[in-house]
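Each value in this text was obtained by applying a stated rule to the coordinates, not by laboratory testing. As the structure is a prediction and not an experimental result, all values here were calculated from the model. Cβ coordinates were reconstructed from backbone atoms using ideal geometry, including for glycine residues, and neighbour counts include every protein chain displayed.
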């Protein structure tokens with residue numbers, strides 16, 4: 001039996017599509033973040049969870065609001081205090097509500113500034129009597145009836161509480177929640193429909209795809225990379241902007257593509273080029289586009305890192321990186337995936353994985369998708385088939401999230417102009433490069 005622990009986060013969106021936080025889903029050790037099927041094991045499970053969070057919270061969950069469920073034992077261990085009150089919404093369920101002492105800990109956390117949410121709110125006396133203690137009311141739309149759900153939403157709103165619809169796993173439930181005017185939604189459909197299509201036909205005409213392939217070769221050809229960038233105004237502009245930012249703190253401005261590549265190095269260029277190619281539109285990066293960019297890079301990094309463990313794979317880590325990166329192209333370009341991939345010089349195994357989920361590459365791609373969806377059964381089965389140790393999945397996943405977060409913070413902080421030099425050289429002639437046209 002698979003007793004491994006998995007932790008994944010899924011977005012919670014308001015009705016305008018803005019991310020208000022992330023649901024932290026936990027599986028393993030008797031599912032100790034949800035209802036406890038074996039109470040005698042809860043203390044051991046709580047110790048495991050407490051230890052994991054203590055060691056990883058700073059790097060795993062910073063920079064976003066986390067909605068996380070805590071059992072009575074975890075509350076008694078004061079586990080929520082690992083997080084800052086501004087970064088955490090403490091979720092509780094029926095096991096806490098019926099416990100004679102647990103709500104005392106919840107009330108104390110509320111007084112200390114933590115927001116409180118209740119999972120699967122029920123229209124019953126014990127829930128109604130304590131509704132004033134909650135900031136968020138979470139309602140399971142998948143299992144409830146329309147009338148009971150509507151009553152809960154109306155009651156919560158009448159008392160100034162925010163309603164979050166959970167279990168939104170298909171379009172019907174999405175439309176139902178939207179019609180009932182909930183404040184936010186979470187579920188597989190919400191996660192997968194996170195992004196509006198941000199396609200722009202200029203990307204098909206640009207050198208972006210050629211550059212991605214060239215820079216992920218085992219032995220990148222610097223001259224070829226320089227040639228590709230130099231013939232694309234958008235990429236040239238983006239590269240010079242990032243290299244001349246305060247992050248690199250240059251004494252003299254870089255004015256040539258070759259000079260910029262040498263300064264940045266292929267390692268950072270490989271990591272940043274996809275974000276750079278999309279992050280410089282005149283209108284900036286909105287929430288949906290930001291999440292799209294992060295997802296693309298996270299999938300790429302996750303696929304590549306899992307290749308360290310996968311057995312008998314017909315592709316390289318670089319190919320796996322491209323597979324994850326290009327998996328989101330259907331959000332970027334208004335064209336069938338088959339047509340998009342036909343014009344990109346990538347491995348046939350990768351194309352078949354993205355189009356048909358076939359072969360061992362398709363299994364690797366599916367493993368990444370299943371982890372995003374918190375499909376616990378499929379995660380274990382696919383990892384075992386690929387020869388990937390299941391106990392490496394969570395640490396690998398959050399290592400990738402940390403890397404993406406770090407790069408994103410560096411990128412978003414890169415727009416600040418470099419500090420003035422005491423004796424600047426004559427400024428080069430400014431050339432205005434057009435940015436991508438917002439779709």
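Okay, here's what the table says:
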| read-out | value |
| --- | --- |
| Diffusion constant of the stretch 290-406 at 10 °C, which comes from Stokes-Einstein with the Kirkwood Cα-pair radius and 1.306 mPa s, µm²/s | 112 |
| Inter-probe distance in nm under a simple model that places probes 7 Å from Cα toward Cβ, at residue 122 and residue 338 | 5.1 |
| Rounded FRET efficiency, nearest 0.05, which uses the C-beta distance separating residue 172 from residue 348 and R0 of 41 Å | 0.65 |
| Protection-proxy order for peptides 84-91, 169-176, each taking the mean of Cβ atoms within 10 Å per residue, highest first | 84-91, 169-176 |
| Where labels lie 7 Å past Cα in the beta-carbon direction, separation of residue 14 and residue 181 in nm | 1.6 |
| FRET efficiency, 1/(1 + (r/R0)^6) with R0 41 Å, evaluated for residue 145 and residue 107 via beta carbons | 0.85 |
| Ascending count of other beta-carbon atoms within 10 Å, so fewest first, for 178, 208, 302 | 178, 208, 302 |
| Additional length obtainable on full extension of the chain from residue 132 to residue 157, 0.36 nm per residue less Cα span | 7.8 nm |
| Extension gain, residue 82 back to residue 391 (0.36 nm per residue minus Cα-Cα distance, nm) | 108.9 nm |
| Residues 157, 27, sorted so that the one with the fewest Cβ neighbours within 10 Å comes first | 157, 27 |
| For 303, 370, order by how many other beta-carbon atoms lie within 10 Å, fewest first | 370, 303 |
